[in-house]
There are 2 protein chains.
Amino acid sequence: MTKVKESSTRNYNKGIAEMTCPVTYVMNKIGSHWKPIILYNLISGPKRYGELKRLIPAITEKMLIQHLKQLQEDNLINRKAEDIVPPHVVYSLTPSGKELGPVLMAMADWAIKDNAKYAGFSATADAGMELK
Amino acid sequence: MTKVKESSTRNYNKGIAEMTCPVTYVMNKIGSHWKPIILYNLISGPKRYGELKRLIPAITEKMLIQHLKQLQEDNLINRKAEDIVPPHVVYSLTPSGKELGPVLMAMADWAIKDNAKYAGFSATADAGMELK
DNA sequence: ATAGCTACTTACTTTGGGGTAGGTACTTGT
DNA sequence: ACAAGTACCTACCCCAAAGTAAGTAGCTAT
């Protein structure tokens, strides 16, 4: 495995930007292409690994697991595994993750306003339905 | 220049995800590390190229211009250039871009809640001050 | 005359996100 | 005995995003 340069300009810049811009702090946590989708799908309630896979058909297993792990490390989701034979793992939003709801919703709302193709898509109804 | 595979799995997947998830639509537009920062800095009013550069010290010129161009193409910002000798170019949010305000604000709010280091950072006061 | 200002452009290199394709463990169904 | 189902892990590779470094035009101030 090639060693990772621990203090690249890239990381340095990220650090700088993060210190002066809260928006970048957010981007560094959920700024990949998949993280917001995963979180969005968890808003409507806890989901098993396999469920998420089915809900997000375009994602590869590697990306799914990788991002689930990172989201865990960033304290945005919980992982609960039952130690039974066909594994049963459930992912759910942490309080911190739940508070991202408004962000995701604001995004979805904007997408609906910005693009006609989401005309039939009600963000609040769609993702918030099982929130209590 | 090496030819770009016009229909990579990556792009295919992006397309799929975009069709089923409005959040991904947003990420594909403002999902880079720099775009949200640029937009965030434009919320408080139109800015010259050089101003943006000073406001975002960590960004390189290449990245700034590149993203300004893309944001223009995506109809999120306007570019107004006066044809005078020391160039004078002003960037401002389009109506569509302005509607991203709530998204950026929701992000900033979340960052403040999620991380103590932004305790003194008031998102609404900071970015919205010159909005009318 | 030369350096400086502005808003860029271009060529080249590096980095890491993401995809592909396999394998693992352990049990249950046939 | 063997496939199927779960939730993963691993090695390898590709490519596009991001960084580095230099150059451009045309005027102005010293």
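Rule-based calculations on the coordinates, nothing more; no lab input. These numbers were taken from a predicted model, which means no experiment stands behind them. Note: ideal-geometry Cβ built from the backbone for every residue, glycine included; neighbour counts use all protein chains shown.
Details
- Taking B:Glu51, B:Glu82 and counting other C-beta atoms within 10 Å, the order from fewest to most: B:Glu82, B:Glu51
- Once backbone amide H atoms are built at 1.01 Å from N, B:Arg48 has B:Tyr91 as its partners under 5 Å, excluding neighbours fewer than 5 places away on the same chain.
- Per-copy distances of the B:Asn75 label point, shortest first, in nm (7 angstrom along Cα→Cβ): 4.1
- Table column - 3J(HN,Hα) (Hz), the stretch A:56-69, Karplus curve with 6.51, -1.76, 1.60, x for Gly and Pro: 10, x, 6, 7, 8, 4, 4, 5, 4, 4, 4, 6, 4, 4
- Annotation: amide H-H contacts under 5 Å for A:Ile77 (H modelled 1.01 Å from N, sequence separation of 5 or more, or interchain): A:Gln72, A:Thr94.
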